[in-house]
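Structure first, commentary second.
The values are calculated or read from the model by the stated rules, or taken from the named source; none is laboratory data. Since we're looking at a predicted model, the values are computed, not measured. Quick reminder, even Gly has a Cβ in these numbers, built from the backbone with ideal geometry, and neighbours come from all protein chains shown.
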Amino acid sequence: MLGAQHGRWLLWLPVALGAGVLAYFASPVEPPLWLGLGAFAPLGVAVWAAPRRPALAWLLGLLGAAWLGLGLAALHSARMPAALELPRNAVRAEGTIAAVEALPDGLRITLSGAVWPGLAEPAGRLVRVRLKADDPLHPVPGQRIALRAMLRAPSAPTHPGAWDFQRAAWFSGLGASGYALGHASLLPGEGRAPALAATRRAMESRIAAVLPGAPGAVAAALITGGQSVIPPAEMAAMRDSGLAHLLSVSGLHMTIVVGLVYALLRGGLALCPWLALRLDVKLPAALGALAAGGFYLVLSGNQIPMLRSFAMAALVTAALLAGRRAITLRGVAIAALIVLLIDPAAILGPSFQMSFAAVLALVAAHEALRPHLSVPENPRWWRRPLLVLAGLAATSLIAGLATMPFGLAYFGRLQLYGVAANMVAVPLTTFLVMPAGLAAVLAMPLGLEALPLTVMGWGVQAVLGIAQAVAAWPGATLASEPLPAWGAALVALGLCWLALWRGWLRALALPMLACGLLAGMVSPTPDALVSADGRLIALRAGGEVFVQRASGAQRFTADAWLRGWAEDAARPLPVAGGPPGLACDGASCRLSDRIALLRPPAAPSAGQRGRTRAAMPEAPCGQAALIISPEPVRGQCEGSRVIDRFTVWRDGAHAVWLTADGGVRVLSDRAHRGDRPWVPPRPTPRYQAESLPVASIE
């Protein structure tokens, strides 16, 4: 059994490294930096024991790699700039434009080194501002700009356990986002823009000039990686048809670019007999193709799927030049190690998880099926096209099955016809869209990009037509409750177990995969949710979601809640009565007689405006286990737990479950995330802050 695993032991090192990174993010407190130094002890012993006790060395190596992953994540977090102290009111901000993004209704700029009144030194984090739609300014990266804007810190999760925008912003370097209140103006002088930022913006403008509307937006996304300008209708069609991966530059696009450049360079060099007879043209062709892939990586913004793809392309190039097999699981493992060492936080994102899941499954399937994929020397004419179609179908099916659990974990939707859509759209993208896009990029310095962009537009329009047609089929998407985090982790472990081991050991992956996919059955969704500002409160009863919405409630939060409940729409709370388990009257709604939701007072009529606002109904203290109120509950409430405006102000959004013992379980966002660098400290009431010494406030 162990002899059959020869060469497989090292493949588990990136898995252990990733497990250590996940352990860091699962911790409720920040571990000390020196803790990571302990990883060298088991790693050193593992190196010493490798010739004598391979199994023990492997176990110690896994322990050391996991320990190292925890330390690397802590070090990466400690290197991030401190959070910004943002003003409460609008300010005049100045800074250097680091990036310009086109939106369907205007432009969004990212500022580096931003300053505003009250800030002691330029901001160490990026500031993102949406310009007004009618702003006549057309800024480019590198220019200095001034504008009056409202700035806000990154948003907290919509509910406990949801995607953490503050954590993502912490590791991406984003410190604030906001919107301009007036037209922006340019300042004299030039700043330093990121590499290729101006080139990327200029290419997007030239693409839009030739291909206006949705085709141009999709073409720009395939070349530069920016998806922000794609209209929502087209984005929804691509998502519901299972073609959204074509919009995210990844391994498919990198493979096409590197492969096309390699074929062009090798063919061009082979046309020169003097060179072809004296030089192995594979070497310069491979190096030129890899350089083109590196340019595409930087141009598209160094996204995680592209970083993984470029690392694998470099390994494949080295293997081809050395005469070794190019596509191996070892290459996937090395690519994963490179990505985790550069950006440990990437493991938390859907890009990393879905990208590596698809590649791991495809490479493992190719390895297992390679002995059975031989083609006869003189096949009949119909066999090759049939094999191509079968390969496309198998590739779409394997990649779709591998990424499905992670799509459920993040988006809560299944695309049922993705295989059919990909069988048509992927060949179009491979043989028409991307080659034309590459030709357009090569022609742009000469100003001759119009013709190849037009051809690319034809292919993009065909892909969009396929997406819209498939998305309109009955039952194209199926809503499902997202997998909990531990279920997705168990699926990932099962997928790695299935792909990395040989022989009957692979069968042990089946219970892991089954338990992970069924994790939602033992992790019930909340029965009530309260937003971080108290303006949105939802109750679930009778298989439906009922929402109490105040003025200013965010639609994004409500949509995220509905996805978590696998519901398409919510209903307002009934005026009276309700479905089984929910009883409402004019003062409150009661859920299973354990949760009492207080209704806000009715808005005054036109003749009553200007009068004193009606008071909130009195809290039924002691009559319900939990009382939820959109306004503060004054005084002590004996016998009941309270979630009111002050509660969510201190601890963020809340989730509530009805327990089997007749009580309730309450979880706040602050309790779920713990004390981490990206979690803002608990706010202090103004009267307490004024009574504290200045040093304590700082």
Determine which member of the set Val21, Val29 is β-branched (Val, Ile, Thr) and within 23 Å of the chain's Cα centre (by Cα). Val21
Would you mind stating whether Arg549 is without any contact (Cβ under 8 Å) to a residue 40 or more places away in the chain and either in contact with a Lys or Arg (Cβ under 7 Å, 6 or more places away or on another chain) or not hydrophobic (A, V, I, L, M, F, W, C) (or both)? yes
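Output the residue which, of all residues in the stretch 151-160 that are buried (at least 18 other Cβ atoms within 10 Å of the Cβ) and in contact (Cβ under 8 Å) with a residue 24 or more places away in the chain, is nearest to Arg555 (Cα to Cα). Working first, answer last.
Initial filter on the stretch 151-160 (buried (at least 18 other Cβ atoms within 10 Å of the Cβ)): 151, 153-154, 156-160.
Then drop every residue that is not in contact (Cβ under 8 Å) with a residue 24 or more places away in the chain, which leaves 151, 153, 156-160.
On the way: Leu151: 20, Ala153: 18, Ala156: 15, Pro157: 14, Thr158: 11, His159: 14, Pro160: 17 Å.
The residue in question is Thr158.
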Under 7 Å by Cβ, and 6 or more places apart or on different chains, what pairs join a residue from the stretch 424-450 that is free of Cβ contacts under 8 Å to residues at least 60 places away in the same chain with one that is assigned to a helix (DSSP H, G or I) and among the hydrophobic types (A, V, I, L, M, F, W, C)? Val424/Ile466; Pro427/Leu392; Leu428/Ala462; Leu428/Val463; Ala436/Val455; Ala436/Met456
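Tell me, yes or no, whether the stretch 206-218 has at least one residue that is β-branched (Val, Ile, Thr), part of a loop (DSSP other than H, G, I, E, B) and buried (at least 19 other Cβ atoms within 10 Å of the Cβ).
Within the stretch 206-218, none of the residues are β-branched (Val, Ile, Thr), part of a loop (DSSP other than H, G, I, E, B) and buried (at least 19 other Cβ atoms within 10 Å of the Cβ).
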Failed condition for Ser155, given (1) in contact with a Gly (Cβ under 6 Å, 6 or more places away or on another chain); (2) of a type outside the set (Lys, Arg); (3) part of a loop (DSSP other than H, G, I, E, B), with all others met? (1)
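Which ranges mark the helices (runs of 4 or more DSSP H) fully within the stretch 304-371 that have 1 or more residues being touching a residue at least 12 places away in the same chain (Cβ under 8 Å) and of a type in the set (Lys, Arg)? Steps first, please.
Values: elements: 304-322, 329-342, 350-369.
Passing ranges, in order: 304-322, 329-342.
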Pairs, first at pLDDT below 85 in the stretch 38-57, second assigned to a helix (DSSP H, G or I), C-beta under 6 Å, six or more apart: Ala49/Leu56; Ala49/Ala57; Ala50/Ala57
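Inspect all residues belonging to the stretch 64-72 and state whether any of them is out of contact with any strand residue (DSSP E or B) (no Cβ under 8 Å at 6 or more places or on another chain) and more than 30 Å from Arg167 (Cβ to Cβ).
Here is the first cut: in the stretch 64-72, the ones out of contact with any strand residue (DSSP E or B) (no Cβ under 8 Å at 6 or more places or on another chain) are 64-72.
Those left that are additionally more than 30 Å from Arg167 (Cβ to Cβ): none.
No - not one qualifying residue is present in the stretch 64-72.
Take Ala583 and tell me if it is at pLDDT below 90, small (Gly, Ala, Ser) and in contact with an Asp or Glu (Cβ under 9 Å, 6 or more places away or on another chain). Spell out the reasoning first.
On the way: at pLDDT below 90: no; small (Gly, Ala, Ser): yes; in contact with an Asp or Glu (Cβ under 9 Å, 6 or more places away or on another chain): yes.
When the stated conditions are applied, Ala583 does not pass them.
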Would you please list the contacts, defined by Cβ atoms under 7 Å and residues six or more apart or on different chains, that run from a residue in the stretch 510-534 that is without any contact (Cβ under 8 Å) to a residue 60 or more places away in the chain to a residue that is surrounded by fewer than 15 Cβ atoms within 10 Å (Cβ to Cβ) and part of a helix (DSSP H, G or I)? Ala519/Trp486
Gly288 is checked against (1) surrounded by 16 or more Cβ atoms within 10 Å (Cβ to Cβ); (2) more than 18 Å from Ile256 (Cβ to Cβ) and fails just one. What number does that condition carry? (2)
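Report yes if Gly175 is surrounded by 21 or more Cβ atoms within 10 Å (Cβ to Cβ), of a type outside the set (S, T, N, Q), part of a helix (DSSP H, G or I) and touching a residue at least 60 places away in the same chain (Cβ under 8 Å), otherwise no.
Numbers: surrounded by 21 or more Cβ atoms within 10 Å (Cβ to Cβ): yes; of a type outside the set (S, T, N, Q): yes; part of a helix (DSSP H, G or I): no; touching a residue at least 60 places away in the same chain (Cβ under 8 Å): yes.
No, not satisfied.
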Considering each residue of the stretch 455-496, count those that are more than 20 Å from Leu416 (Cα to Cα), over 21 Å from the mean Cα position of the chain (by Cα) and without any contact (Cβ under 8 Å) to a residue 40 or more places away in the chain, and give that number. 5
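Let's see how each residue does on (1) modelled with pLDDT of 90 or more; (2) in the same structural domain as Val249 (by TED's automatic domain parsing); (3) crowded, with 22+ Cβ neighbours inside 10 Å; (4) under 16 Å from Ala219 (Cβ atoms):
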| position | (1), (2), (3), (4) |
| --- | --- |
| Thr429 | no, yes, yes, yes |
| Leu432 | yes, yes, no, yes |
| Val441 | yes, yes, no, yes |
| Val455 | yes, yes, no, yes |
| Gly475 | no, yes, no, no |
What pairs come out if I take residues in the stretch 203-225 that are over 13 Å from Gly437 (Cα atoms) and pair them with residues that are surrounded by fewer than 24 Cβ atoms within 10 Å (Cβ to Cβ) and charged (D, E, K, R) whose C-beta lies under 6 Å away, six or more apart or interchain? Ala214/Glu234
When the residues of the stretch 14-53 are narrowed to those that are among the β-branched types (Val, Ile, Thr) and closer than 28 Å to Ala485 by Cα, which ends up surrounded by the fewest Cβ atoms within 10 Å (Cβ to Cβ)? Val29
